[in-house]
Amino acid sequence: MTATTAVSAQDFQSWLTGYRAAHADDVLVIDQAVSADQEITAVVQALAREGRHPLVLFEQVDGLSVPVATNVFASRERVARLFGVEPVQLHQAYQARTRKLLAPRVLASGPVCDEVSEGDIDLRTLPLLKHFETDRAPYITNAVLISEHPDTGCGNMSYHRSMLHSPTEIATSLHSRGDLWRLLQIAIERGRPMPVAMVIGAHPLFMLAASARVPFDVDEREVAGGLLGAPLDVVRTPRHGIAVPASAEFVLEGVIDPTAKVDEGPFGEFTGYSSDRSTNNLLRVETIMRRRAPMLVDVVGGNSAEHLNLARIPRESEMVEKLMQRFPSVTALHYPNSGTHFHAYVALKQMRAGEARQVMLGLLGWDPYLKTVIAVDPDVDVTRDEEVLWALATHFQPHRDLVVIDGLPGSALDPSASGVGTTSRMGLDATRGPDFHGVRAQLSPQALERAAQILAGR
């Protein structure tokens, strides 16, 4: 890493300005005042019920001095535009860029250094939203925690739900099987608190990098550089020297006290249920960094399309690459919104009997969240629930095509899992198989073209 004073355009607000100019029809601007208590979530949910998933910009939020942008990742087409590709090419584009790791570029200063508060901290001055009536308190849903290995300096970035606990403290819950948890165990062994920085709002590709599935010794800030196509510009936090995006909207710096446990939750999770967690960590904030005119970049909570896509797209990209390397017959993979993170649809052109089962078992073994995998033929569009369910209805025989495995580790947030966190998993082979003799009803290309002409402009 080298020091410089130049500032590159990697901030969210510059990206949003450019995106609005290029795709005005995909950004919904709400200029009337809304409440910070649930109304933003309610608007996004109402749009989703209509099948609409625009980026939503709220210009006036009661009690907040900043505008709020949300629903950024709700549309796969919008995410694909970040890479300059069509949605069908998203997995390949994401994987290609994540392999081009670029070390961050350290700057002497940046927009996030416009206002720095140390010592006299009051987190109640931050723009905070309550997303659901059942949430215990206002939550930061776009909380990217960064910590660095005390020996190697390798950074870890990951999302953790974060609730205001006091004017100087945040209650958060680290994932007990995640890399940040491993860093916390190192801090515990050494008898010291763990320094962290919380980034709230940055370029969408930085946000996507925080969801990357990479080994413990890979720094997600280098993944962010790969996704951006240029080194991530960073500055060092004042007290602990953690490298954070120079153009972030807000950064909170402090330590996680490994000895402190505080109540956190319930919070509206990706399952659609309000959940508690068992880790209940306490972050003591020592520094607040912010831009001069920041914006709150929110992530819609619950089982929203945004919440699911932000985590799912990196997972899908990794899984489809693994599957296609091992099984060339695989043609497509999709994790549907309807299945939260627990369902996957995989399309393949079977080369031999039993291959669909082998592919499904591979997915169920590789991804600890999955409970159900449905295998279909290549002519079935795995991005459409109704087509997969049609294949299941017409091709699947339970006595012959069902595979069930019990007693495997599952998601801690699955409300149906056992008390010790285990789950059953199943594969449903909805491919036609070698002895299937049905002929799918089809329309001629001429008829389809004529229908399009008749309906054009109507």
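The values are calculated or read from the model by the stated rules, or taken from the named source; none is laboratory data. Predicted, not measured: the structure shown is a model, and the values here were computed from it. All Cβ positions, even for glycine, are placed from backbone atoms using ideal geometry, and neighbour counts span all protein chains on display. Side chains included, ligands, DNA and RNA excluded: accessible areas come from the protein's heavy atoms. Shrake-Rupley method; radii C 1.70, N 1.55, O 1.52, S 1.80 Å.
Residues whose amide H comes within less than 5 Å of that of Asn142, counting only those at least five positions distant or on another chain, are Val299 (H built at 1.01 Å from N in the peptide plane). When the Cα positions of Ala451, Pro204, Pro127 are compared along the charge dipole of the chain, Ala451 comes out farthest toward the positive end, with charges on each C-beta of Lys, Arg, Asp and Glu. Tell me which of Ile313, Leu232, Thr287 sits at the most positive position along the dipole axis of segment 195-320, charges placed on C-beta atoms (Lys, Arg +1; Asp, Glu -1). Highest projection toward the positive end goes to Thr287. The charge dipole of the chain, taken about its Cα centre with unit charges on the Cβ atoms of Lys, Arg (+1), Asp and Glu (-1) only, comes to about 1040 debye. Does anyone have the angle between helix 445-455 and the longest principal axis of the chain? Alpha-carbon axes, 0 to 90°, nearest 10? In the chain, helix 445-455 runs at an angle near 50 degrees to the longest axis. What shape does segment 9-88 have by the C-alpha gyration tensor, where a ≥ b ≥ c are the square roots of the eigenvalues, rounded means a/c under 1.5, and otherwise prolate means a/b greater than b/c and oblate the rest? Oblate shape, in that a/c is at least 1.5 and b/c is the bigger or equal ratio. Enter the angle in degrees (range 0 to 90, nearest 10) between the Cα long axis of helix 385-395 and the first principal axis of the Cα atoms of the chain, meaning the one along which they spread out most. So the inclination is approximately 30 degrees. Across Arg177, Arg20, Arg425, Arg49, the residue with the most accessible area heads the list, and the full order at a 1.4 Å probe is Arg49, Arg177, Arg20, Arg425. Each Lys and Arg contributes +1 and each Asp and Glu -1, all at the Cβ; summed about the Cα centre of segment 398-443, the dipole is approximately 160 debye. The angle between the Cα long axis of helix 39-49 and the longest principal axis of the Cα atoms of the chain comes to about 10 degrees, rounded to the nearest 10.
Quick one: grab the alpha carbon gyration tensor of segment 223-335, order the square roots of its eigenvalues as a ≥ b ≥ c, and give me rounded if a/c is under 1.5, else prolate or oblate depending on whether a/b is larger than b/c. Oblate shape, in that a/c is at least 1.5 and b/c is the bigger or equal ratio. Ranked by solvent-accessible area (1.4 Å probe, protein heavy atoms only, all chains present), the residues Ile454, Ile256 order from largest to smallest as Ile454, Ile256. Normalised per residue, the accessible area of the chain is 44 Å², obtained with a 1.4 Å probe and no contribution from ligands, DNA or RNA. Taking amide H as placed 1.01 Å from N in the peptide plane, the amide H of Arg105 sits under 5 Å from that of Leu232, Asp233, Val234, each at least 5 places away or on another chain. For GluC sites (Glu not before Pro), no site in segment 366-458 is both called loop by DSSP and has at most 10 other Cβ atoms within 10 Å.
Heavy-atom surface analysis with a 1.4 Å probe gives the chain a carbon and sulfur content of 51 percent of its accessible area. Cα centroid separation, segment 72-88 to segment 398-412: 33 Å.
Name the shape class, rounded, prolate or oblate, that the alpha-carbon gyration tensor gives for segment 76-154, where a ≥ b ≥ c are the square roots of its eigenvalues, rounded holds for a/c under 1.5, and otherwise prolate holds if a/b is larger than b/c and oblate otherwise. Oblate. For Met351 and Asp263, the FRET efficiency from 1/(1 + (r/R0)^6), where r spans their Cβ atoms and R0 equals 51 Å, is about 0.40.
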